[in-house]
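The values are calculated or read from the model by the stated rules, or taken from the named source; none is laboratory data. None of the values given here were measured: they were computed from a predicted structure. Calculation scope for accessible area: heavy atoms of the full protein, side chains included, ligands and nucleic acids excluded. Shrake-Rupley method; radii C 1.70, N 1.55, O 1.52, S 1.80 Å.
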Amino acid sequence: MALRIPDDLLPADGRFGSGPSKVPAGRLGALAATGVDLMGTSHRQAPVKHVVRRVVDGLTTLFSLPSGYEVAIGNGGSAAFWDLATFALVEQRSQHAVFGEFGAKFASASRNAPWLGEPTVLTAEAGGLAVPVAEDDVDVYAWTHNETSTGVVAPVVRPAGARAGQLVLVDATSAAGGLGVDIAETDVYYFAPQKSFASDGGLWLTTLSPAAIERAERIAASDRHVPAFFDLVGALKSTRLDQTYNTPAVATLFLMAEQLDWMLAQGGLDAMSARTAASAETVYGWAEKASYVAPFVPDPSHRSPVVATVELDASIDKVRLMDELRANGIVDLDAYRGVGANQLRIAMYPAVDPADVEALTRCVDWVVERL
Ligand SMILES: *Cc1c(COP(=O)(O)O)cnc(C)c1O
């Protein structure tokens, strides 16, 4: 134990966790600099409402929201949004393309909702991709833009032959902000702040198409019981007023607003996806070349630019490797529970510097040589 990686090999910042993920160092200073004007003040007053507005406007610009699309924000994170969707968006029955744990969790939320019909679930093995296919009697198609558990990225396009009125719900929790997307291909593109938006957890955010808003309004007006916490129409109305239904984490919103400003100043979504693509080229190039490691996802076109999964040779003691890296300030390379045999998972969100990703691969090489 206690190998000391030479300083000139180390990344400037050793946080490569897939979520919560790296919050750039200066951001907490920016939060502190707001002093007593923000933290500890009412979320019904101008200073906090201004932060909510910065987030809504930032997302509207970042995603070039098509006309009629709106942003809604609520408490509970993406996992709460799955339950919300079963109450507020799925009318009778949904279809889920599942290729990892996060997609599977939404599918089971739908399956367990007694007021919904049995969902169609199309599945792929870990490391593979399942895509939605047109089906007559579903009213929602659901899949994950980036499966954070396996490092598989999916196309975001409406299924060929989908009927008008069938909604497309895309879980973009780790993809949003780090990957290009045409929001017009979705009705509901939802995410949380603690991944590509370099903030903290606890909130969900979503874009909504006019069709999604119409659906939510129709269900809200029906006799289905929708708990207030899962009331999407209520959340949208609050967001329009630069507020949330109940008290949000103000620091989380502030950090997200700062990340959005940074993303837009760098050139927006095109610049962010170029940045994550550069990191991905480094990681997958290294994993293809080094003798002791290989990409986990077999099809190169399915390999995620924001979360890379790589399999180490069985002879490598992964726990020891991660302990040594952690002792040198390189943290959170753990695979998602049960995925892969001897796997590392590396987040390459926009906040992660591509130069640090390169440094990480050098550090892993250096430690593996000495194990
Ligand atoms: C992290 C993650 C979630 C869960 O987000 P929470 O905010 O922790 O509920 C859901 N889906 C995907 C794709 C994720 O990466």
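Taking the centroid of alpha carbons for each part, the stretch 102-180 and the stretch 217-262 are 22 Å apart. Against the longest principal axis of the chain, how steep is helix 250-266, in degrees 0 to 90 to the nearest 10, with axes from Cα atoms? Value to nearest ten degrees: 70. DSSP beta bridges confined to the chain are antiparallel in about 55 percent of cases. Accessible surface of the stretch 239-303, 1.4 Å probe: 53 percent of it comes from carbon and sulfur atoms.
Residue order by solvent-accessible surface for Tyr284, Tyr189 is Tyr284, Tyr189, largest first, with ligands and nucleic acids left out and a 1.4 Å probe.
Would you mind estimating how fast the chain diffuses translationally, via Stokes-Einstein at 20 °C and 1.002 mPa s with the Kirkwood radius over Cα pairs, in µm²/s? Here the translational diffusion coefficient equals 101 µm²/s. Rounded to the nearest 10 square angstrom, Arg362 shows an accessible area of 100 square angstrom against a 1.4 Å probe.
Please say if the stretch 60-217 is rounded, prolate or oblate, where rounded means a/c under 1.5 for a ≥ b ≥ c the square roots of the C-alpha gyration tensor eigenvalues, and otherwise the choice is prolate for a/b larger than b/c and oblate otherwise? Rounded, since a/c falls under 1.5. The C-alpha atoms of the chain define a longest principal axis, and helix 210-221 lies at about 60 degrees to it. Protein-only accessible surface at a 1.4 angstrom probe places the residues His225, His50, His43, His145 in the order His225, His50, His43, His145, largest first. With the whole protein complex present, Lys49 retains an accessible surface near 60 Å², based on a 1.4 Å probe. Only protein heavy atoms count here; on that basis, with a 1.4 Å probe, Glu281 has an accessible area of about 140 Å².
Roughly how tilted is helix 77-88, in degrees to the nearest 10 and between 0 and 90, from the longest Cα axis of the chain? For helix 77-88, the angle is close to 30 degrees. Between the amide H of Met348 and those of Val307, Ala308, distances stay under 5 Å, these residues lying 5 or more places away or on another chain, with hydrogens modeled in the peptide plane.
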